[in-house]
1. What FRET efficiency comes out for residue 66 versus residue 6 if R0 is 22 angstrom and r is the Cβ-Cβ distance? Round to the nearest 0.05.
2. Around residue 106, with a cut-off of 14 angstrom between Cβ atoms, what is the net charge of the other residues, counting Lys and Arg +1 and Asp and Glu -1?
3. With all pairs of different alpha carbon atoms counted, what Kirkwood hydrodynamic radius in Å does the stretch 1-136 show?
4. Give a quick list of trypsin sites (Lys or Arg not before Pro) in the stretch 1-86 that DSSP marks as loop, anything other than H, G, I, E or B, with at most 14 other Cβ atoms within 10 Å.
5. At R0 = 45 Å, how high is the FRET efficiency between residue 135 and residue 299 if r is their beta carbon distance? Nearest 0.05 is fine.
6. By how many nm would the segment from residue 97 to residue 491 lengthen if fully extended, with 0.36 nm per residue of separation less the alpha-carbon distance?
7. Considering only C-alpha atoms, what is the centroid distance from the stretch 448-506 to the stretch 1-68, in Å?
8. Give me the one-decimal Kirkwood hydrodynamic radius in Å for the chain, with the sum taken over alpha-carbon pairs.
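What follows draws every value from the coordinates through simple rules; no lab data is involved. In this text the structure is predicted, and so the values were computed from the model without any measurement. No Cβ is skipped: glycine too gets one built from the backbone with ideal geometry, and neighbour counts run over all protein chains shown.
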Amino acid sequence: MYQLRDYQQEAVDATLNHFRSTDDSAVIVLPTGAGKSLVIAELCRLARQKVICLTHVKELVEQNHQKLTALGVDAGIYSAGLGRKDTQNKVSFASIQSIARGLEQHNEPLSLLIIDECHRIPKSEQGQYHAVIQHFKKLNPALKILGLTATPYRLDSGWIYQNHYWGFARETDNPFFKKCIYELPLRRLVKSGYLTEPKVFDAAVAHYDFSQLLSNEYNEYNEDQTPVEQQLNELVSKHPRVTKAICEQIEELAKNRLGVMIFASTVEHAKEIMGYLPAEHSQIVTGDTAITKRDQIIHDFKQQKIKYLVNVSVLTTGFDAPHVDVIALLRPTESVSLFQQMVGRGLRLHPNKQDCLILDYTNSGYDVFQPEIGSQKPNSKSQLVQVECPQCEHQNIFWGIKAADGTLVEHYGRRCQGLVETLDGEFQCDYRFVFKRCPYCNEENDIAARHCQHCHERLIDPDDILKKALNLKGHKVIRCQAISASINGNKLTVRYHDEDGEELKQTYNFDFTKGRDSFNQEFARRLGGGTTPVEFDKAEQVAPFIEHLPHPDFVIAEQTKRYWQVTQLLFDYQGPYRKANEVR
Ligand SMILES: [Zn+2]
Ligand SMILES: [Zn+2]
């Protein structure tokens, strides 16, 4: 008989509470090693009507099934790989492949469909998962769908859910799941002693420089793409001495350790690594290793007959050898989630280990406990910063840059991620830190928006505006690097300076609504990177803020009879044209 841990009970309670009030699909996020099969078992035990739990591999079908039967509950298995196709039980555990092929055998409505490793559901509404879900939705339109995963973020399509119960929304479109209803941070698991403490060792002796590769191929990087594989091979084969030195260090550091998992970049790289390790204590598993051979190797590794297990990302999920106490990363990592997943292989509890040594030879800079942000680190100086929304007070976590004393210099957040409760439900706060204004209805839009989200007019691309102004006679474009301002009565004059000392100027007359509004909308609204918007009634009120006024990236002017008249300011420009002081 199992006893649920506190957080497992919390996850169960969160599920019951959620589905008591809505049929919206929900996700639970539990790190590897949190024991999600026990959460699944408890939910199945409590269910009054029929439940199916789907997974993609037979090992997980078996593991989940075994946890429930240990609670004394009868349950079926529907998996060709396990040689069982039960359909009569109240609860059954099924493999997605088998059930997708045998849907006609499942004609009873379910109350709950649980999907383990639910980040595998593709975003496009195709494939086996969607076919199975549609089938059961037809049988019961009020079907409740619960997903469980350790990695709610996909490299190809982003976040798998929209809203989070901590009160924020994710930047994502049309995710499969409506809401994350429970999430357990890895740190809490380690702190409570349910996982082994990771000990990050600064492996300074040598490391690979994958930075070039990652910055170019970050989005495209993918295990099966030959060009990337080739690049990786070229990169690591150029540095045989680095690989040799790394292997020597691993062996030295692992002298008094039990089991070492090494993650290599490519198959060739893995073979090279094998050549530097003690042959009688090392084995390799790749995608091509025959299943029986692979099972034998894994068995020997778990029995500690061999010490070193080299693989090329085939052992990231569903592999469990608790004695592992060294994780060596020799392959670039696309996301912090994947990094954490690999590290997670070494965090299981084992009587003979105190901690797990993490050796990162890729210089990734990832933190074992860092939450996934869902966007690539914009530059090496960036760190996670907290930015309060001036509208709803939500504390956003964005990439940004802090000064040495901790004050915020700039941040790269675009829209507030806070959730706001309304009579119609929860919605993402509509405050934007950066924006472009629609020339037709004057409303704010995302800087990358192509159509106004309010009036649906097409928004002109800033690049087209620039291109046109650069080519038109009687037009001037300034690459603005700074502004200055002076006040004269109720008038405020702004001067835009470019890198070569040229300038344009523009006067806002605060006696008129138009002058006041346009100054407030362009400049006052953007104070502090949009974190501290202000509204001014009189020109003189601007005086203490002059130094802090944000400058546009480009200023466009048109020649009139006597002077250059500023016609457009482009703020927050992102595109091919170089901005002032930008090195390209
Ligand atoms: Zn907000
Ligand atoms: Zn509009």
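1. For R0 = 22 Å, the calculated efficiency reads 0.45.
2. Values: positive: 50, 85, 90, 101, 137, 138; negative: 86, 104, 108.
Neighbour charge sum, excluding residue 106 itself: +3.
3. Kirkwood radius, the stretch 1-136: 15.2 Å.
4. Details: sites: 5, 20, 36, 45, 48, 50, 58, 67, 84, 85; in loops: 5, 48, 50.
Passing sites in the stretch 1-86 are 48.
5. About 0.75, to the nearest 0.05.
6. 134.7 nm
7. Here the two parts' Cα centres lie 55 Å apart.
8. 27.6 Å
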